Amino acid sequence: MTIDHRQAVPATTRTTLRVLVLGLLVAVLSAVTFGSSGAVAKSLLVEGWSPGAAVTARIVLGAVILAVPATLSMRGHWHLLRRPVTWAHVTTFGVLAVAGAQLFYFLAVERLSVGVALMLEYLGPILVVGWLWLVRSQRPRPLTVGGIGVAMLGLLLVLDVLGDAQLSGIGVMWGLFAAVGLAAFFVVGADDATGLPPLAFACLGLLVGAATLLLAGAVGLVPMRWDTVDVTVSGYAVAWWVPVLWLGLVAAAIAYLTGVVAARALGAKVSSFVGLTEVMFAVLWAWVLLAELPAAVQLLGGLLILAGVVLVKLDERPDDREGAHEPLEVEPIPDVDVPAPQP
């Protein structure tokens, strides 16, 4: 009997296109769900909730919702929690990407306009490109640089930053710290060195983030005010827990889970630029839920963001993705004549 060595070598590229398409779809879903948080949370804010209380409720509930499926996904993986690298990644993700980005953004908004604060936070994808250049020697090529420029121009138009430019040195500093938190979301989320399933990683990150936010509230760093009066969502009076449930389930549990899955599938650079579409979807959510019609310039900005994402993706090479490994070199197995078994 002859063993064909070609049958022993798996095809390394048979699912590349499928992973890419699914990764992009999941990344867009993450942006859609994240983008809903502002319009939904506004119904709470107008009734006396502080931003810190709203986002803390969102993160705590998101962690609780993911707890059971995350526990089930850990079957056969519990030993990974004994590794220091696991807790280093989870803690970094929870403190910087979950809590840090939120806390620093709120601190920035106290001294800057919302548009400027968001613009600073969404410099995160540029920090991702810089990180990959410095740490992984992935120097940005012309298409990536062009994509950054086009996407940032689109972001300027969507946020209408040029029409409201209130500046503060301390506020700018907090905004840049928020950008670091956003960059950490994609860089750490894309790194699967922990071996944890995405469900477990997202849940643990939310738990760490929730603990950080609760601590910040306890020491008075972030005001915590809430109320149980009915709120108005899309013109309808609903109980306060309806938007809170949406924030926890959709804008936290689903958003962070799909964000981690997309980052692992696409890598930090591409997933971070797809994440810029969150701003565009936030405008659309405000249109649907708050009847705040987007201006024509904002729609143009959304198209430019999409164009920037396409340019960055076109510039990506297979070895650019985090977690990508060099293909294993398999020595050819010579044809072997195996004698038939003797009776």
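The requirement of being crowded, with 21+ Cβ neighbours inside 10 Å and within 24 Å of His77 (Cα to Cα) is fulfilled nowhere in region 217-237; no residue meets it. Do you know which of the residues in region 98-135 that are buried (at least 22 other Cβ atoms within 10 Å of the Cβ) and farther than 21 Å from Leu155 by Cβ is farthest from the chain's Cα centre (by Cα)? The extreme case among them is Leu103. In the set (1) in a loop (DSSP other than H, G, I, E, B); (2) of a type in the set (A, V, I, L, M, F, W, C); (3) under 15 Å from the mean Cα position of the chain (by Cα), the condition left unmet by Val95 is number (1).
Among the residues of region 267-286, those identified as within 15 Å of Ile126 (Cα to Cα) and in contact with an Asp or Glu (Cβ under 8 Å, 6 or more places away or on another chain) are Gly267, Ala268, Lys269, Val270.
Which one is modelled with the lowest pLDDT among residues in region 45-67 that are closer than 19 Å to Gly220 by Cβ and not small (Gly, Ala, Ser)? Show your work before the answer.
Here is the first cut: in region 45-67, the residues closer than 19 Å to Gly220 by Cβ are 48-57, 59-60.
Applying the additional criterion that residues be not small (Gly, Ala, Ser) yields 49, 51, 55-56, 59-60.
Working: Trp49: 90, Pro51: 87, Val55: 91, Thr56: 93, Ile59: 95, Val60: 95.
Restricting to residues being closer than 19 Å to Gly220 by Cβ and not small (Gly, Ala, Ser), the top hit is Pro51.
The values are calculated or read from the model by the stated rules, or taken from the named source; none is laboratory data. Just so it is clear, the structure is predicted and the values come from calculations on it, not from any experiment. Please note: Cβ atoms are built from the backbone with ideal geometry, for glycine as well, and neighbour counts cover all protein chains shown.
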